[in-house]
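Participant: This is the structure, below, for whatever I ask next.
The values are calculated or read from the model by the stated rules, or taken from the named source; none is laboratory data. This structure is a prediction, so every number in the text was calculated from the model and none was measured. Cβ coordinates were reconstructed from backbone atoms using ideal geometry, including for glycine residues, and neighbour counts include every protein chain displayed.
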Amino acid sequence: MSVMSKAVLTRAASGLSAGLRSREPGRREWLIIVPIVAVCALLPLVIQGRYEVGVMTLILIYAIAAYGLDLVLGHLGLVSVAHAALLTVGAYTLVILTTKYGVGYWWAALAGVGVTTLAGLLLAGITMRSRGHYFSVSSLAFAAVTVVVITQWTSLTNGASGIYAIPTPPGFDSTISLFYLSLIVLTAVLVAMFLLTRSTLGRNLRAIQADEVLAASLGINVVATKLKAFTVSAAIVGLAGPLFASWISYITPSSASIMEGFNLLVYVIIGGSATLAGPLVGVALVVGVTEAFRFTELYQTLIFSGIVFLVLLFFRGGVVGSVARAWSRVAVRRRGPEPAEVPEVAVGPGPVALPHLSPADRGGPAEPGKVLFEARSLTKKYGGVTAVSDVSLAAREGEIIGVIGPNGAGKSTLFGLISGVVGGWSGSASFAGRDLRRLAVHERARLGIGRTFQTNRLLNDETVLQNLVTAAYLHRPARGSRSADPDDGFLNTILDLTGLRAKANEVVSGLSIEEQKLVGVGMALAVRPRMLLLDEPFAGLRESETPRLMRLLEWLRDQGMVILLVEHKMRVLMSLCSHVYVLDSGQLIAEGSPDQIVNDPRVISAYLGTKNA
Amino acid sequence: MLEVSDITAGYGNSTVLTGVSLSIERGEAVTVLGANGAGKSTLIQAIAGLTPIRGGEIRFEGERIHGLSAARIVRRGLVLCPEGRHLFPQMSVRENLMLGAYSHKIRRSAIAAQIDEVLEIFPALKEKRTVYAGSLSGGEQQMVAIGRALMAKPRLLLLDEPSLGLAPLLVQTVMRVVGEINQRGIAIGLVEQNAAAALELVSRGYVLEAGSVVIQGSAQELSSDDRVRAAYLGVVEQAAD
Amino acid sequence: MKKRAIGYGLVLSLLGSLTACGGSGSAGNDEPIKIGIITPLTGNAAAYGSGFWLGVQAAENEINKSGGILVNGKRHKLQATVCDDQFVPSKSVSCGQKLSESLMIYTPATQSSFPLMGFNQKDDFILMSTSQTPAFTSQGNKLVVRSTYNLERQIPDLARLVGEYAKKEKLTLKSVAIMEVGSDFGPAFTEAFSKAWKAGGGTITGTASYDTVTTDLTSQLTSLLRGNPDAIAITTVCQSAALVMDQARHLGFKGTFINAVCAGGTGMTKYMGNSEIIGSNIATVKTNAFDSIPVVGAFHKKYSDEKYKSAIEQQIFEFGYFGVEWFAKAVSTAGTTSDSAKVHAALEPALQTLQPNILGITEYFPDTGDIEMTTYLAQTKPDGQSFDPLGGQK
Amino acid sequence: MQVLANGLALGAIYALVASCLLLIFGILEIPDFALGGRIMVGGYAGYFVAENLGLHYWIAVVAAALAAGLLGVVSELAVYRWLRNTPRPLLSGFIGALVLLTATEITVQLLFTADFRKLPSPYESQILDFAGIRMTEQRLLAGVVALVLIAALHAYLRGTRGGRAMRATLEDRRGAEIVGISPAKTALIAMLLGSCMAGVAGALLGPMYLVYPTMGDAILIKGLIVIVLAGMRSSLGAISAALLLGIAESFGASYLSVGFSDAYAFIFLIIALMVRPNGLFTKSVLVR
């Protein structure tokens, strides 16, 4: 085996090993597409016969649809049984246009993709707010209604009788040519899937899958991104529709059934969701095996069930995911750990200044003393409990404001109100002259409100750098720039400021608590906020780590940033904050300079403890 | 009574606890201090059988209990009062308490007697017996949680952050109750962020940092330890200034 | 870890051994004549599809026991291969491609047949079907053949016979409500029947469509009964028709039932809780429902074994059986084991040698593939016996 | 009125199946599609006892409960318990349950063929006519038994030690574990109870709708729709949603287009989920 191919295999293995949640593939993992396509292209030379080639063509067509499904399943974590219905919509569009209206094949196929995309948008619109089982069952209902609509719209669809004598694409009327046409489309889909997982959309989808709240707080428009994913997903399925129609030559509403949608799901799960090769391998395995065991008649289904169970229990990332993981484990044992991926950020002393953080590019220079954020009479009730009651506060540029209070005093709820995660409150809040009331989380992030979370929310399966790149979503470079660092040097700066440069290519879940805290701060900075909400950033930090973060915050303050800091460590607050608010049971019981606060009797009795008072 | 030796635990790829050892003697009250994320909750859950350990040994009254189900551990008299309380919000206080005695298959009348006994400790709950636990205030809920744990007749009661989210006055009440329970001969394992309050109550303590025990000693030793003062008692010092 | 490894091993060995089996097909020894059967053996229509396959196997056995098919003085075994398509079109296509080497493919339904019409001429096999849908033979496909009626021919007969029945029994039978099954057959029936029925002076009070999966039909029936029909026409197989009849009676319907597909008899009574209903059921039947026809009686006696009972009650067994018998005779007559066009043409003379037959097929039209069939009206007695109320059969 | 009665009878059966699904989903966190298979097995067990052994219908009902309950316990021990320990239990459960349904149906078909059977019941031929509303005794019986079973389930959940343990698990899994309730045992009991009730449903439906391998599918989907409508947690919500759905279907088929009757449940669901994405009967809860 040549050195080159070994390298390719190793890459391929790591590319396949993305287990259960999607992750960003390495730059060269697209190489796995080459052997896949090559093997497929050569198969008809080995396996001949109309039936065999026919089955292989069907596998390719289903695989295209399976990739479309996996975009929603693997990258958004939504279990849809409606994708067979989408496929059928595409097929029907082609069939109706060609057989009833005499439209040319290619135009009709294009329309098929278009109509499928629209149907996908409809599905997305209906299900957008549902999650988990609610989504699944909504998609189930969508599929069921699709079947009924096709069945009942007899004048257009010929009802349950279906439509037959469907044309094949001009120039591709033999079994073998349809096979290669499908392979070409599949190749395009594979490449598209690869590019997509490395694109901003892919990164944003992963962020949403990992944590919707985090994604929104990074400025990602969750709804719009989901819609985009559905659109692309449906468009890919739409490509499969016309091919399917031509292959089957007779179409009935039953192709849209829940059972068919369920089969598509099984293909993806068996093969390995969120892997580049998984869906294809899954379709090939399931369809291939069922066809091979047709002779067993009824037992075929039992064999199929058994295989699905075993894969679910033992091949936990699907066949591809598990085999690749095992392979990379063996590879690691044999050759020692794989060298970390080449850092994609040029190593060097980053600029010390942080020009990007200056509010200059956000509507005027910082004016220390100018009120940037102001809230009046914020009140939030949950059922009968008032979590935040009539709280007013203001923050000026170049200030660090402290918020203290016992656990459960309403600090996190207050942060939630300001960042937009918590809705349904009363009172007023404005930021840089804008009323926050009607703004969604991502809109506030775009306005310049960045935050960290008390319990750290990160993309745990990705590297530090990937976390930062995702967070810097709003500031991606102009189209065409190939750099993974969207803003030359900006992420470098953050890596330097947080001291994470050495760990840039390590997966976040493997870092220490301190380092994870710093990643959280780094991500909030990558949004380039004018106001930073930090929820207990010092908690869990060792004493030795504390000064570093303190210096960073001071420096950010000097750049004109507003920092709202929830913290229990009084010494930190005392030295950083110019103004401190004290909350207890949702109410503001005191405010003032740190000195005033520590000597306030109410604060001592409510928070600091009466013992020493 | 409880002997934890050199245990390792974690989730997925990450290791939360590395080589933690501690012990609690019969009737003793011991605290585990540590910052958020230091591994305190993982430690206490591992002892209670809610999180599997990857290495080491946990013995209770001389017998190995790691690997046993949480239910069996409760039956042996090691009971956890968890962080976040984990009450059954749509069940009455009475039902919550009844469920506390679940692991002891005893007659209804015996349970009723036991409930009365527990309510003696928490007189405030007496009138709220039929109220849904979810509608109680935070302090009352914490009382129910401790009461529920007592229903299981513990010999060792583990408390995970009992003062979390409570007003200082209530913190004092809870701590007083915990002290009373200890005086009845029940050993206490207390995990607290409120180090000052905890050290008032216990005789010994451990400090957990990044998954390892970094300091251990008597309450007095800990209170006067510079590192502990800096990291966990800073608030008290500041207030005293 | 160990458990995991065992799991891997289990899956891989299972896959491996199964693929090995799948690869080795059975090869014929003396050039058997191949007939492919595409039928649902699993899923909702499994009962129906399995009965059909039983009939095919019975005919295959009989032919091979008698030495095979005589073609140009040489005897060839008949080899029937079945492929389960679950009534799923994409599976029918795969089945068709798999069995395309066959001289004929025979399917028991429209759903399984239409997917093959795209390539049966290209792949040169005869497509025989029990499809009653007109489109099966109106597409100009040169290699199709029905083993049952085209509903365009049968339904006007039904309407006429029902009219005669009403006159003879002095029944008011003017208004009819239709419970149509939501497959291809239902709407086609409704169209043909309404036309014929209205031409005879009757009225249609309403149509309700339902899925055979649905078992609770009270809502649809309540709606239909609001039109006060004299009769309800039903378009499904027996067990489904039984549900309709049962539930309609429970809702207080007192009129007549007209069955287009289910011929009544024991095929229906076994699903009915209330035997009084049955007397008011009338249906068009093909010859094979009446034991009193000698050829049919003899056939039913021959296959009176328990294992065939249900298939015969559903009247699908005979179709499987006769289609194969007819085909074998045509191959023999055509004198070729490979020329499908010749065999297709020979179905005509072959049919003449098979008179009278269990299905009552009297004529065959090679141009289209349509047939002519003797039909009767049947009424079922509470004991499950059927008779012709018009006196054609006793 | 007839339409309303039809709808209520239908809704009671939906409510029974939905209650089983809800109980199992609450404890196992698996959408138990295979419950459809157990309804069917109940139907078959009832058929063999009543038809082949010639025993009384009520004995058949008991046999149905036992057979389905046994299958439920086996499913939990052999399949679900393992699926819950996979990294994505939601997905594994979804797929696994559907595959289990198919496997059950095929196994029954292999053993007893796909023939339709009529479960004999003395109540099927008796028609009640009450103020113009017509209904068979069997239908009334099915509705009443369904409601009685649901009431019994609630009594069990409210009034017994085991029932309290189950409710505790439903409300706070961790809390239940802490007081010493074994999750594995609770899951087993939930499966047993849910499956027994599903078996009874099969025996109740058998005389009305025939017994065949896929007989559970349609009713199962309706049950699933009901629990989603109800927000997957609320049992009283599920009962209301079931009756509502039954009535909506009945009215839809009777007064709107009959052609779309099979889609009413789904359209109803889609609209409901667009308005309330997480179920009709869910409350917003304070998360501290």
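Participant: So how many residues does the stretch C:208-217 have that are buried (at least 20 other Cβ atoms within 10 Å of the Cβ) and among the hydroxyl-bearing types (S, T, Y)?
Facilitator: Number satisfying all stated conditions: 2.
Participant: Right, here's the next one. Checking C:Q220 against (1) surrounded by fewer than 23 Cβ atoms within 10 Å (Cβ to Cβ); (2) part of a helix (DSSP H, G or I); (3) among the polar types (S, T, N, Q), only one condition comes out false. Which one?
Facilitator: Condition (1) is where C:Q220 drops out.
Participant: Additional query: For residues that are in contact with a Leu (Cβ under 6 Å, 6 or more places away or on another chain) and not in a strand (DSSP E or B), tally how many sit in the stretch C:166-187.
Facilitator: Count: 1.
Participant: All but one of (1) surrounded by fewer than 21 Cβ atoms within 10 Å (Cβ to Cβ); (2) more than 10 Å from chain C (Cβ to nearest Cβ); (3) at negative phi hold for D:G96; which doesn't?
Facilitator: Single failed check for D:G96: (1).
Participant: Given the condition closer than 30 Å to D:P87 by Cβ, modelled with pLDDT under 95 and in a helix (DSSP H, G or I), answer yes or no: does some residue in the stretch A:105-122 qualify?
Facilitator: Looking for residues that are closer than 30 Å to D:P87 by Cβ, modelled with pLDDT under 95 and in a helix (DSSP H, G or I), one finds at least one in the stretch A:105-122, hence yes.
Participant: Further question: Can you pull out the residues in the stretch D:224-248 that are surrounded by fewer than 22 Cβ atoms within 10 Å (Cβ to Cβ) and within 13 Å of chain A (Cβ to nearest Cβ)?
Facilitator: Passing the criteria: D:G231, D:R233.
Participant: Does the stretch C:114-135 contain any residue that is in contact with an Asp or Glu (Cβ under 7 Å, 6 or more places away or on another chain), in contact (Cβ under 8 Å) with a residue 40 or more places away in the chain and closer than 16 Å to C:T368 by Cα?
Facilitator: yes
Participant: Would you mind telling me which numbered condition in (1) assigned to a helix (DSSP H, G or I); (2) more than 30 Å from C:F114 (Cα to Cα) A:G219 fails?
Facilitator: Evaluating A:G219 over (1) assigned to a helix (DSSP H, G or I); (2) more than 30 Å from C:F114 (Cα to Cα) leaves (1) as the failure.
Participant: For D:V79, only one of the following conditions fails: (1) away from chain C (no Cβ under 13 Å); (2) surrounded by fewer than 24 Cβ atoms within 10 Å (Cβ to Cβ); (3) closer than 20 Å to D:V145 by Cβ. What is its number?
Facilitator: (3)
Participant: If a residue has to be closer than 20 Å to A:Q454 by Cα and part of a loop (DSSP other than H, G, I, E, B) to count, how many in the stretch A:501-527 make the cut?
Facilitator: Number satisfying all stated conditions: 3.
Participant: Given the conditions (1) under 26 Å from A:V422 (Cβ atoms); (2) assigned to a helix (DSSP H, G or I); (3) touching a residue at least 40 places away in the same chain (Cβ under 8 Å), and given that A:F230 satisfies all but one, which numbered condition is not satisfied?
Facilitator: So the condition that A:F230 fails would be (1).
Participant: Please state which one of B:A48, B:A35 is buried (at least 22 other Cβ atoms within 10 Å of the Cβ), more than 27 Å from A:E536 (Cα to Cα) and of a type in the set (G, A, S). Don't jump to the end; show me each part of the working.
Facilitator: On the way: B:A35 fails: more than 27 Å from A:E536 (Cα to Cα).
The match here is B:A48.
Participant: Might you check whether a residue that is touching a Cys at 6+ places or on another chain (Cβ under 8 Å), farther than 18 Å from C:V343 by Cα and surrounded by fewer than 23 Cβ atoms within 10 Å (Cβ to Cβ) occurs anywhere in the stretch C:51-63?
Facilitator: The answer is no, given that none of the residues of the stretch C:51-63 is touching a Cys at 6+ places or on another chain (Cβ under 8 Å), farther than 18 Å from C:V343 by Cα and surrounded by fewer than 23 Cβ atoms within 10 Å (Cβ to Cβ).
Participant: Got a number for residues in the stretch D:82-93 being crowded, with 22+ Cβ neighbours inside 10 Å and at the interface with chain A (Cβ under 7 Å from one of its Cβ atoms)?
Facilitator: 2
Participant: Still on this structure: Answer yes if at least one residue in the stretch C:132-141 is farther than 20 Å from C:L224 by Cα, in the same structural domain as C:A283 (by TED's automatic domain parsing), modelled with pLDDT under 85 and in a loop (DSSP other than H, G, I, E, B), and no otherwise.
Facilitator: No, every residue in the stretch C:132-141 fails to be farther than 20 Å from C:L224 by Cα, in the same structural domain as C:A283 (by TED's automatic domain parsing), modelled with pLDDT under 85 and in a loop (DSSP other than H, G, I, E, B).
Participant: If you don't mind, there's one more thing I want to ask. Mind checking which pairs have a first residue in the stretch D:180-204 that is within 19 Å of B:S69 (Cβ to Cβ) and more than 14 Å from chain B (Cβ to nearest Cβ) and a second that is in a helix (DSSP H, G or I) and of a type in the set (G, A, S), Cβ under 6 Å, 6 or more apart or different chains?
Facilitator: Final answer for the pair search is D:M191/D:G72.
Participant: Here's something else I'd like to know. Going by what's in this entry, would A:V213 be described as part of a helix (DSSP H, G or I), more than 14 Å from chain C (Cβ to nearest Cβ) and at pLDDT 85 or above?
Facilitator: no
Participant: Consider B:L170 carefully, then state whether it is in contact (Cβ under 8 Å) with a residue 40 or more places away in the chain and surrounded by 15 or more Cβ atoms within 10 Å (Cβ to Cβ). Explain how you work it out, then say what you get.
Facilitator: Numbers: in contact (Cβ under 8 Å) with a residue 40 or more places away in the chain: no; surrounded by 15 or more Cβ atoms within 10 Å (Cβ to Cβ): yes.
Taking the combined requirement at face value, the residue does not satisfy it.
Listed here are the residues, each with its yes/no results for (1) among the basic types (K, R); (2) within 15 Å of C:D216 (Cβ to Cβ); (3) at pLDDT below 85; (4) surrounded by fewer than 22 Cβ atoms within 10 Å (Cβ to Cβ).
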| residue | (1), (2), (3), (4) |
| --- | --- |
| D:P213 | no, no, no, no |
| D:I219 | no, yes, no, no |
| D:S250 | no, yes, yes, no |
| D:Y255 | no, no, yes, yes |
| D:F268 | no, no, yes, yes |
| D:V275 | no, no, yes, yes |
| D:K283 | yes, no, yes, yes |
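Participant: OK, next. Residues of the stretch D:40-70 being under 15 Å from the mean Cα position of the chain (by Cα) and under 23 Å from D:R84 (Cα atoms), which ones?
Facilitator: Scanning the stretch D:40-70 gives D:A68, D:G69.
Participant: Scan (1) at pLDDT 85 or above; (2) buried (at least 24 other Cβ atoms within 10 Å of the Cβ); (3) away from chain B (no Cβ under 14 Å); (4) more than 26 Å from C:L224 (Cα to Cα) for the single condition D:A176 breaks and write down its number.
Facilitator: So D:A176 meets the others, but not (3).
Participant: Just a yes or no: is a residue in the stretch A:192-203 more than 30 Å from A:A524 (Cα to Cα), among the aliphatic types (A, V, I, L, M) and either buried (at least 19 other Cβ atoms within 10 Å of the Cβ) or in the same structural domain as A:L123 (by TED's automatic domain parsing) (or both)?
Facilitator: yes
Participant: Hey, another quick one. Going by what's in this entry, would A:L264 be described as buried (at least 24 other Cβ atoms within 10 Å of the Cβ), at pLDDT 90 or above, of a type in the set (A, V, I, L, M) and over 28 Å from the mean Cα position of the chain (by Cα)?
Facilitator: So A:L264 does not fit the description; no.
Participant: Among C:V71, C:V145, which is over 22 Å from A:E291 (Cα atoms), more than 12 Å from chain A (Cβ to nearest Cβ) and surrounded by 24 or more Cβ atoms within 10 Å (Cβ to Cβ)?
Facilitator: Details: C:V71 fails: surrounded by 24 or more Cβ atoms within 10 Å (Cβ to Cβ).
Of C:V71, C:V145, the one residue that is over 22 Å from A:E291 (Cα atoms), more than 12 Å from chain A (Cβ to nearest Cβ) and surrounded by 24 or more Cβ atoms within 10 Å (Cβ to Cβ) is C:V145.
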